[in-house]
Amino acid sequence: MKPIIQAQELSCFYGIVLGLNNVSFEVPAGITGLVGPNGAGKSTLIKLITGQLAPSSGTLRVFGESPRNNPKLLGHLGYCPEREQLPKDLRPVDWLRALASVSGTPWGETKVLATKALDRARLGQEHWKKRIGTYSKGMKQRVKLAQAIMHDPKLVVLDEPMNGLDPMGRSEFGEILKELHQGGTSVLVSSHILHELEFLCSGFVMLNWGRVLASGSQIDIRKTVVEWSDEISIRCSQPSELAAHLQAQGLLRGFLADGQDLTIWVNEPENFLAQWPTLFAGCDCQIFEVRNKNQALSSIFERMTR
Amino acid sequence: MSHLTSNKARLGAIKGVLFMRIQELTTPAALSRNAIVAVASFLLLMLLRLDVDNAASRYQGLVAGLFVLKFLPIFCLTKGGETLRSELKEGTIEYLWVRPASKVELYLGFMLSGFLGTFSIVGSALVGISLAGLALGALGGGAFLSLWLTVVVVVASFTAISGAISSFSSKFVVLGIFYYSFVELGLGAIPNGVQRLAVSFHAKTLLNGLTSGDGNLELNSFAWILATGLIGIVLGAAIFSQSRYVVGSEKEA
């Protein structure tokens with residue numbers, strides 16, 4: 001499949017300050033995570049993709065076109081900036097109508113677009129009459145998302161959209177992004193909190209100090225850089241019973257059960273993870289989650305930056 | 001399919017930015033502030049009734065000399081560029097310039113909304129001033145028209161100049177005061193044609209109608225004032241469309 005974003009030896013400097021340094025990568029359609037610590041270059045890359053900055057050198061193509069000074073392409077992008085500031089005296093529908101008008105939507109059509117977008121971002125109608133300045137952080141994030149998806153873009157770029165959201169809010173936000181993807185919109189979402197994106201994204205671009213450490217699917221990245229850990233965490237309904245079941249098969253070197261969490265140490269972790277549904281069969285226990293310690297995105301990132 | 005690929009509305013960016021400004025200017029707080037300005041202006045000028053014999057001449061002197069020629073230039077030169085600069089400082093401009101709109105159109109939107117913002121206060125004051133003038137018998141029909149037209153073009157022109165300054169510097173307030181000191185007070189005091197570069201010089205000419213009571217709609221003066229504003233708009237739009245700004249800070253382009 002043709003990538004939606006292609007960067008070739010892309011660099012961006014702010015005077016003598018490094019933003020991005022000679023990075024090359026491709027982003028396919030789908031939900032892609034842009035991960036890295038603060039100052040890694042995520043926002044710089046996002047500004048390049050949305051045409052706000054020009055590359056210092058190299059090339060960047062979004063849907064095969066350069067995004068800088070390209071209004072036609074910008075019409076297919078939605079962008080949600082990291083900063084929280086929103087026009088506090090405006091009501092969300094009015095703000096979205098104005099932005100739709102700026103995008104060139106005929107005025108008569110703006111209200112329908114605005115209300116539809118707020119619905120899709122799951123901002124309750126009871127809040128629409130209030131001014132944005134009175135909103136909570138979670139509500140503001142929904143308004144920000146609504147303005148980004150209002151015009152049915154082909155790609156939505158979200159810069160740290162889950163900052164400050166509680167776990168419930170993050171989960172709901174993830175659901176919205178999945179819905180967008182199912183509707184045919186690609187999503188590029190940045191975060192410095194890696195586990196936020198782990199279960200959401202099909203691919204990743206990992207950045208640190210202005211360089212791309214790795215890009216591709218989590219499995220691809222893991223294959224190239226990470227050794228398997230023998231420590232596996234399982235969340236299930238009956239940890240003790242499951243541990244006994246696995247031990248009876250001679251698979252364990254040790255285990256630790258705590259509430260619904262079971263940590264096991266296995267002899268052959270790669271085989272175990274490949275076959276775990278079969279190995280668990282016969283135990284009357286509900287499995288919620290199985291994780292290898294080194295599978296975690298944060299663990300991969302930690303190893304890569306070591 | 002994106003909604004933006006067909007039937008792109010003309011001047012949508014200007015409409016959008018103006019709509020936002022109108023919403024901000026019609027909040028209960030903003031309307032109350034304007035009402036207070038109007039009432040305060042009216043009551044202050046009504047104090048002139050304490051000296052009934054000289055009320056009309058004092059009124060004309062205050063309105064022309066103080067309000068139009070001193071207050072308006074300073075107020076507009078320090079407030080006109082506020083819309084653009086606050087968008088840049090707060091970062092809300094990011095929502096605008098990632099959209100398929102030309103930067104020139106966005107700039108014109110900022111300028112018009114800057115004019116609206118400035119005129120919402122100046123206009124409120126002018127309502128109070130005009131009512132006081134009518135009550136004091138110091139403002140006839142011709143003078144009334146002359147005053148309003150002069151104020152509108154002066155505000156438009158100074159707002160455009162302030163906008164041009166704000167397009168290249170976040171210190172537009174300080175530079176606006178410099179502009180007032182050097183161009184309006186400095187050049188405006190030099191005879192033999194140089195004073196024509198100052199908006200205040202032409203405003204003064206137009207306000208002669210205030211004292212004569214029959215208005216003085218001198219087209220030449222209007223043209224000079226509007227041309228100055230137009231130069232400000234063209235200059236500002238050119239700078240804005242070619243500059244790279246640091247959003248969310250006081251840093252310069």
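We did not get these values from a lab; they are worked out from the coordinates using the rules stated. Keep in mind the model is a prediction, meaning the values are calculated, not measured. Glycine also receives a Cβ, built like all others from the backbone with ideal geometry; neighbour counts cover every protein chain displayed.
The table for this structure:
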item: Amide hydrogen neighbours beyond the local backbone of residue A:41, cut-off 5 Å, H modeled; result: A:210
item: Dmax and Rg, reported as Rg then Dmax, of the protein assembly as shown (C-alpha, Å); result: 31.0, 112
item: Helix A:137-149 vs. chain A, principal-axis angle (Cα, 0 to 90°, nearest 10); result: 70 degrees
item: Inter-chain shielding of A:192-204 (mean C-beta neighbours from other protein chains, 10 Å cut-off); result: 0
item: Volume per residue of the C-alpha convex hull in segment A:1-105, rounded to whole Å³; result: 137 Å³
item: Of the DSSP H helices in chain B, those whose Cα atoms cover at least 30 Å axially and whose Kyte score averages 0.0 or more; result: B:103-136, B:141-166, B:219-242
item: Shape parameters for segment B:12-242, alpha-carbon atoms, Rg then Dmax in Å; result: 18.3, 61
item: Note, ³J(HN,Hα) from phi for segment A:85-101, Karplus 6.51, -1.76, 1.60, rounded to Hz, x at Gly and Pro; result: 4, 9, x, 6, 8, 9, 8, x, 5, 5, 5, 5, 4, 5, 5, 5, 5
item: Normalised contact order of chain A, rounded percent, pairs of Cα under 8 Å and 6 or more residues apart; result: 20 percent
item: Shielding by other protein chains, B:99-105, mean Cβ within 10 Å; result: 6
item: Distance cut-off 20 Å, percentage of C-alpha pairs in segment A:141-230 lying past it; result: 41 percent
item: Lysines whose Cα lies under 16 Å from that of residue A:137, excluding same-chain neighbours fewer than 8 positions away; result: A:88
item: Stokes-Einstein translational diffusion, chain A - Kirkwood Rh over all Cα pairs, 1.306 mPa s, 10 °C, in µm²/s; result: 74 µm²/s
item: Positive minus negative residues near residue A:12 (Lys, Arg vs Asp, Glu; Cβ under 14 Å); result: +4
item: Shielding by other protein chains, A:38-51, mean Cβ within 10 Å; result: 1
item: Residue (of A:114, B:209, B:133) at the positive-pole extreme of the protein assembly as shown, dipole from beta-carbon charges; result: B:209
item: Among beta bridges that DSSP assigns inside chain A, antiparallel share in %, nearest 5; result: 65 percent
item: Proximal lysines to residue A:2, defined as alpha-carbon separation beneath 18 angstrom and excluding residues fewer than eight positions away on the same chain; result: A:154
item: Radius of gyration and Dmax over the Cα atoms of segment B:1-94, both given in Å; result: 20.6, 73
item: Entries in A:42/A:129; A:130/B:79; B:79/B:103; A:178/B:15 that, when Cα-Cα distance is taken, lie over 32 Å; result: A:42/A:129; A:178/B:15
item: Amide hydrogen neighbours beyond the local backbone of residue A:187, cut-off 5 Å, H modeled; result: A:30, A:31, A:32, A:156
